Amino acid sequence: MQSGGAMAIVVPKERKHLSADALFRLVRSGFAKIPDYRPDDVDISLADALMSAFAMFSLKSPSLLAFDKQRAEGNLGTIYGIERVPCDTHMREILDPVSPEALRPVFKSGFRQLQRGKALEPMVFFEDCYLLALDGTGYFSSKTIHCASCLQKVHRNGSVTYHHQMLGAALVHPDMREVIPLMPEPIVKQDGTDKNDCERNAAKRFIAKLRRDHPHLKFIITEDSLSSNAPHLETLHDHGLHYILGVKEGDHAWLFQQVQAAEHAGRVTSHERHDRAGRVVHRFRFVNDVPLNASNPDVRVNFIEYWEINDNKVQHFSWVTDFRVNKHNVFHLMRGGRARWKIENETFNTLKNQDYNFEHNYGHGEQNLSVVFAMLMMLAFLVDQAQQLCGALFQAVWAKLGSKRLLWERMRALFYDYAMTSMRQLFEALLYGFKKFSPIVALDSS
């Protein structure tokens with residue numbers, strides 16, 4: 001490596017246990033604990049197959065074929081700890097029968113590592129709670145390719161579209177770009193049923209698993225207006241979870257009528273906050289302890305309505321929450337409700353539009369392959385977000401190059417063209433530059 005002058009290189013101080021290399025080792029050790037469903041005399045271990053797929057998403061390979069063409073490169077061994085990389089067909093065969101649930105401990109260990117390193121402390125949002133955004137998204141659709149767990153949409157002309165969805169979950173904070181994904185819940189056709197799965201059922205499963213994985217953590221769940229129904233609120237309450245959930249007048253007409261009645265009775269509080277520097281007016285009205293709907297009058301919620309007013313436009317939002325609302329906390333609760341968009345913009349849109357190729361079909365399989373690939377991509381995204389949150393070297397390289405897309409491009413180029421012993425060495429080369437030697441050409445002297 002060279003510094004470009006006589007000045008000494010000051011390498012950004014890394015948090016040892018949260019570096020890319022440490023997190024790769026953590027992922028690898030987690031994969032090694034997953035029981036291999038095959039007989040003992042296999043040529044490529046399940047851990048190697050899982051780590052190879054993880055490396056493919058970590059390197060942002062555009063396709064399984066592109067990854068396969070370069071799989072013999074030595075850096076997959078030195079950096080990702082892979083002894084043998086399967087070819088594309090063999091990788092699909094090995095991973096197709098793997099249960100997605102087998103990957104849950106790897107997500108948990110990554111989260112625990114961030115907790116131990118106190119990296120998540122800045123993400124605490126309100127009353128010692130983390131803000132956890134939930135939302136569903138699709139990542140596969142085809143009229144021909146399908147598997148046993150595909151959802152099915154039958155069209156009027158009798159044709160069928162097969163598709164996959166998941167319920168994603170990520171820790172978010174209004175003041176931070178980073179999001180920390182938890183293991184998603186697949187929305188797939190459940191074993192032994194003919195009916196499609198749905199986001200509401202996936203949310204019930206997710207919340208039960210969230211509490212098993214993190215029994216003592218305090219969360220505020222934030223979701224869109226489809227989640228503001230009595231059964232879901234009861235599920236959240238039963239699992240000790242707070243909430244800030246969107247509501248819309250078109251979907252919750254009775255609730256809005258109750259708010260109007262409360263206003264006539266003098267129970268509604270109005271409040272304004274002026275941001276003169278930004279020339280924005282924040283206007284609120286809120287009321288506590290109103291029934292959610294006519295069918296469930298005993299389910300009581302606290303209601304917030306909000307208008308953001310500036311020179312050009314007015315934006316309008318409304319939420320229900322279990323926190324008692326007052327003039328001191330209403331602005332903060334509003335920011336928590338609006339932070340829900342981060343699971344769409346900072347998570348799903350990043351995965352779909354910033355070289356993760358979330359909607360690209362890396363391989364569908366007949367059992368679980370599509371879901372397993374989606375989980376491994378989310379795991380690679382978790383490691384990247386951990387680097388963005390607390391990796392000084394990663395942050396410095398990103399700042400120097402100016403965009404993630406260029407960072408991934410330069411990272412792949414170095415990874416495949418030069419022998420590297422670690423991701424740290426690769427990031428240092430990107431940050432400080434390195435000496436390039438003339439190639440040594442072997443000539444045939446015969």
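The values are calculated or read from the model by the stated rules, or taken from the named source; none is laboratory data. Predicted model, so just to flag it, every value in this text is computed and none were measured. Cβ: placed from backbone, ideal geometry, glycine included. Neighbour counts: every protein chain shown. Calculation scope for accessible area: heavy atoms of the full protein, side chains included, ligands and nucleic acids excluded. Shrake-Rupley method; radii C 1.70, N 1.55, O 1.52, S 1.80 Å.
Assorted remarks:
- Residue in the range 46-90 that is surrounded by the fewest Cβ atoms within 10 Å (Cβ to Cβ), counting only those that are assigned to a loop (DSSP other than H, G, I, E, B) and of a type in the set (Ser, Thr, Tyr): Ser63
Table: residues versus (1) within 24 Å of Gln113 (Cβ to Cβ); (2) touching a His at 6+ places or on another chain (Cβ under 9 Å); (3) not polar (S, T, N, Q).
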residue: Arg156; (1), (2), (3): no, no, yes
residue: Arg177; (1), (2), (3): yes, no, yes
residue: Leu182; (1), (2), (3): yes, yes, yes
residue: Ile187; (1), (2), (3): no, yes, yes
residue: Lys195; (1), (2), (3): no, no, yes
residue: Arg200; (1), (2), (3): no, yes, yes
residue: Ala203; (1), (2), (3): no, yes, yes
residue: Ile207; (1), (2), (3): yes, yes, yes
residue: Phe219; (1), (2), (3): yes, yes, yes
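- Scanning the range 203-222 finds one or more residues that are under 24 Å from His163 (Cβ atoms), in contact (Cβ under 8 Å) with a residue 60 or more places away in the chain and out of contact with any Ser or Thr (no Cβ under 8 Å at 6 or more places or on another chain).
- Against the conditions (1) under 19 Å from the mean Cα position of the chain (by Cα); (2) surrounded by 15 or more Cβ atoms within 10 Å (Cβ to Cβ); (3) not in a loop (DSSP other than H, G, I, E, B), Ala208 satisfies every one except (2).
- Pairs, first farther than 13 Å from Met51 by Cβ in the range 70-96, second charged (D, E, K, R) and assigned to a loop (DSSP other than H, G, I, E, B), C-beta under 7 Å, six or more apart: Asp96/Glu366
- Residue match in the range 23-45 (condition: among the acidic types (Asp, Glu), in a loop (DSSP other than H, G, I, E, B) and closer than 18 Å to Gln425 by Cβ): no
- Some residue of the range 259-282 being open to solvent by less than 40 Å² (accessible area, probe 1.4 Å), in a helix (DSSP H, G or I) and more than 27 Å from Glu127 (Cα to Cα): yes
- Residue that is farthest from Glu272 (Cα to Cα) [pool: residues in the range 289-304 that are polar (S, T, N, Q) and open to solvent by 20 Å² or more (accessible area, probe 1.4 Å)]: Ser295
- Only one entry in Lys189, Lys195, Lys218 is modelled with pLDDT under 95 and open to solvent by 60 Å² or more (accessible area, probe 1.4 Å), namely Lys195.
- Tally of residues being modelled with pLDDT of 85 or more, open to solvent by 20 Å² or more (accessible area, probe 1.4 Å) and in contact with a Leu (Cβ under 6 Å, 6 or more places away or on another chain) across the range 137-172: 0
- Residue in the range 261-275 that is under 22 Å from Gly136 (Cα atoms) and among the basic types (Lys, Arg) present: no
- Yes/no for Leu26 being modelled with pLDDT of 85 or more, open to solvent by 20 Å² or more (accessible area, probe 1.4 Å) and within 17 Å of Met378 (Cβ to Cβ): yes
- Of the residues contained in the range 32-39, one or more are found to be of a type in the set (Lys, Arg) and open to solvent by 30 Å² or more (accessible area, probe 1.4 Å).
- For the range 314-370, the set of residues classified as at pLDDT 95 or above, in a loop (DSSP other than H, G, I, E, B) and polar (S, T, N, Q) consists of Asn326, Asn329, listed by residue number.
- Residue pairs whose Cβ atoms lie under 7 Å apart, separated by 6 or more positions or on different chains, with the first residue in the range 420-439 and open to solvent by 60 Å² or more (accessible area, probe 1.4 Å) and the second of a type in the set (Asp, Glu) and modelled with pLDDT of 90 or more, are Arg424/Asp21.
A quick yes/no check of all residues on (1) at pLDDT 95 or above; (2) small (Gly, Ala, Ser):
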residue: Asp224; (1), (2): no, no
residue: Ser227; (1), (2): no, yes
residue: Thr235; (1), (2): yes, no
residue: Asp238; (1), (2): yes, no
residue: Tyr243; (1), (2): yes, no
residue: Trp254; (1), (2): no, no
residue: Asp275; (1), (2): no, no
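- Any hit, the range 110-131, residues being part of a loop (DSSP other than H, G, I, E, B), open to solvent by 60 Å² or more (accessible area, probe 1.4 Å) and within 30 Å of Arg38 (Cβ to Cβ): no
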